[in-house]
Amino acid sequence: MNISTLAGKPAKQEILVNVPRLITAYFTGKPDPSEREQRVAFGTSGHRGSSLTNSFNENHILAITQAICMYRKEHKIDGPLFLGLDTHALSAPAFATTMEVLVANEVDVMISINDEYTPTPVISHAILNYNQANKTNKADGIVITPSHNPPDDGGFKYNPPHGGPAGTEVTKWIEQKANELLKDNLTTIKRILLSKALRSSHVHRHDYMNTYINDLRNIIDMEVIRNSGIKMGVDPLGGAGVHYWEPIAERYHLDLILVNKNHRPHLVYVCGLGWTKSVWTLHRPMRCKD
């Protein structure tokens, strides 16, 4: 794969994603379930797409969230649902839609205590911690992220009680139910206003950050890292960990500098160059497959 000449340089205005248009399309675009490209289609544990192509719109999130509620009921998953999101522009509107459906279905939802972004491993950690302490009323989670996909993409992933990405037997079930709901014009969707949902007794604030950071010492020898004298420069690459690195450095007294504290929803970092390279770019890259 050739590396773009724009890699590592500020993007020109004309090639940035138009975020207002993207979010408007999320609410106004209506996917046609007779078109394969506009149906719900799960890849690695979740659905990804863009509102600009009618492949990630509010109707998709309404249908998927309702299908997850149906899956939970059928499989007797009645503990809390841990919900997180990343910095992509479509994540915040999808979060609002998700909350409206979850609370209408009387699901207890755990959201971040200070509304900070939540990395995927943090959601997995919260699910596992809860389920280890509770033998009944198992918890699960949703992560609103398309991972490394371009800035005009949204993503929606389901994590069952084992904490990891949902397997194909789960995703096929949710995908089928969601597409049935789309085909039925969402007539059986349960939904309430976001303002009412946020005031509901079903919504709980969870300290994802401190719980996760405090537990890192149990899997990583922070003393060895600290005493090695290594100096670290971290760029969160626009990811959901932007709020986590400085508290990690402070908690464990690491010589770590966060070189980029900004998150920009119209930018994204390149994929497809192999895990051995940390090459990144500020222009729109190719879309990555699951």
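Derivation of every value follows stated rules applied to the coordinates shown; laboratory data play no part. Predicted model, so just to flag it, every value in this text is computed and none were measured. Don't worry about glycine lacking a Cβ; one is built from the backbone with ideal geometry, like all the others, and counts go over all protein chains shown.
The table below gives the values:
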read-out: DSSP beta bridge pairing in the chain, given as percent antiparallel to the nearest 5; value: 40 percent
read-out: With eigenvalues of the C-alpha gyration tensor scaled by 5 and rooted, segment 71-227, Å; value: 27, 18, 17
read-out: Contact order relative to length of the chain, as percent, for alpha carbon pairs under 8 angstrom and 6 or more apart; value: 25 percent
read-out: Extension gain from Thr44 to Glu14, taking 0.36 nm per residue of separation minus the Cα-Cα distance; value: 7.6 nm
read-out: Rg to Rh quotient for segment 1-60, alpha carbon positions, Kirkwood Rh; value: 1.10
read-out: Most mobile listed residue (Val234, Val122, Val203) in the chain, GNM with C-alpha springs under 10 Å; value: Val234
read-out: Long-range Cα-Cα pairs in segment 1-153 (distance over 22 Å), rounded percent; value: 47 percent
read-out: Spin-label pair His253/Ile3, simplified geometry with 7 Å Cα→Cβ offset, distance in nm; value: 3.8 nm
read-out: Highest-fluctuation residue, Tyr244, Tyr26, Tyr158 considered, GNM on the chain with Cα pairs under 10 Å; value: Tyr244
read-out: Space enclosed by the convex hull of the alpha-carbon atoms of segment 154-256, per residue, Å³; value: 179 Å³
read-out: The chain - mean residue ellipticity at 222 nm from DSSP helices (-39,500 (n - 2.57) per run, n ≥ 4, rounded to 500); value: -10000 deg cm²/dmol
read-out: Space enclosed by the convex hull of the alpha-carbon atoms of the chain, per residue, Å³; value: 142 Å³
read-out: Filtered trypsin sites (Lys or Arg not before Pro), segment 1-47: DSSP coil and at most 10 other beta carbons within 10 Å; value: Lys12
